[in-house]
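Okay, structure first, notes after.
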Ligand SMILES: [Zn+2]
Ligand SMILES: [Zn+2]
């Protein structure tokens, strides 16, 4: 959000009549028909309740606004079943995002398709599969940004930076904390949970369908942002070239080649221990920890992980999550949860003063990044997935040079990360399947009347992740 994506370039209907764009007539849902009527085409009309942000800061209101309409042939209208409140919503909430315009909040939602533009149907040709297969009534979860699925950027998996992308819950695109949301480029963006053959997973199709049928909507909602973003942080660290000497047991740069290492360069067992810092233990930080633990234990890489947060309740949550993970998801290393003032000394101790192989920065501010720099080793990697604001980086070129540090920044391509995130969601239902338990990421499910209070309490760190039910 600190560097808003390019505006979504939706062109209005040539016919001038949004209704004319519809190819399918929706059965207007019962919940709709009692309070608001569909128009002749079946697209919901009238007003809806939505959580809206007002400038300059800390001003959240639940308002009646128009139900969104199809504006472009590629649009879908989704009736929102559940929408989550996320740490990155707080950047705008606090007035730090450089945002000035009133808009509907929220970028994490799951729901049901109630209207589709004219691009959908048998004539879709070689466009992304959903333009042919997505139907009204299908259950969908959306990544937190729109992406076209048809450009080079999307094809390569960098979907978060699609030139046609936009972030839900921003002035460019109303968000999902509403009863209905418009999804531009829906055929390239959405995941069709009613048709699991339209997306990838490491599971065989039948196994995938069975696993999917057991997942609750609130659990599947984690796929909108926090779980893929956590997995993204771990994947970037574990796949970075700089960490390969640790993983392969061969020194730089022989780890990339078939050149045999000479005997006098032999790496010791202690050099092959992956040491990691995780800075920030909000929901995404916890997901990053779960993913990193799972990857390292599955690959049988020995590890020391130090997870850090100044907030005691977040540390308590992280400890409960770690305790709840079964041994298959954390074997082969140590995992410590520490306050900031303890973490530096402990990192020095476990790495013998060398510093961490990788540091995952999951906060998005200068002090977290500065602390990450102090933890990382020379030739180490800092992976930053937090949303950074305006201030300059807390270290300069000389400091970066002096540590040969690699910085991997930026927004998660949530759509591309869906397959590994789904697999982890299924595997870790001991964590992701619960609500309000010590080890669950979701703290509570509330109605819109509790929106103002929920934003305020979440901002103060008094509560964990909140989900809104717009129909409660
Ligand atoms: Zn989010
Ligand atoms: Zn694209």
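Structure notes:
- Computed with the Debye formula from one identical point scatterer per Cα of segment 313-472, without solvent, the log10 of I(q)/I(0) at q = 0.09, 0.13, 0.19 Å⁻¹ comes to -0.40, -0.84, -1.44.
- P(r) tail fraction, segment 91-230 - alpha-carbon pairs more than 25 Å apart, %: 28
- With a simple spin-label model that places each label point 7 Å from the Cα along the Cα-to-Cβ direction, the separation between residue 207 and residue 324 comes to 2.5 nm.
- Shape summary of segment 92-162, radius of gyration then Dmax from alpha carbon positions: 15.5, 46 Å.
- Each distinct pair of alpha carbons in segment 147-239 adds a 1/r term; the inverse of their mean, the Kirkwood radius, is 15.2 Å.
- The mean sequence separation of alpha-carbon pairs under 8 Å and at least six residues apart, normalised by the residue count of the chain, gives a relative contact order of 16 percent.
- Distance between the modelled labels on residue 445 and residue 217, one decimal in nanometres: 0.7 nm (7 Å Cα→Cβ projection).
- On a per residue basis, the convex hull of the C-alpha atoms belonging to segment 229-409 measures out at 113 Å³.
- Summed over qualifying helices (DSSP H, 4 residues or more, each -39500 (n - 2.57)) and divided by its residue number, the chain shows a 222 nm mean residue ellipticity of -7500 deg cm²/dmol.
- Dimensions (Å) - the chain, Cα atoms, principal axes, largest first: 79, 46, 42
- Kirkwood-type radius of segment 391-445, with distances r between different C-alpha atoms, in Å: 15.0
- Ranked by how many other beta carbons lie within 10 Å on average, peptides 84-94, 146-156 from highest: 84-94, 146-156
- On the beta carbon distance between residue 54 and residue 349, with R0 = 51 Å, the FRET formula returns roughly 0.55.
- Within the chain, percent of DSSP bridges classed antiparallel, to nearest 5: 55
Bear in mind these aren't lab numbers, they're just calculated from the coordinates by the rules spelled out. No experiment lies behind these values; they were computed from the predicted model shown. Positions of Cβ are backbone-derived with ideal geometry, glycine not excepted, and every protein chain shown enters the neighbour counts.
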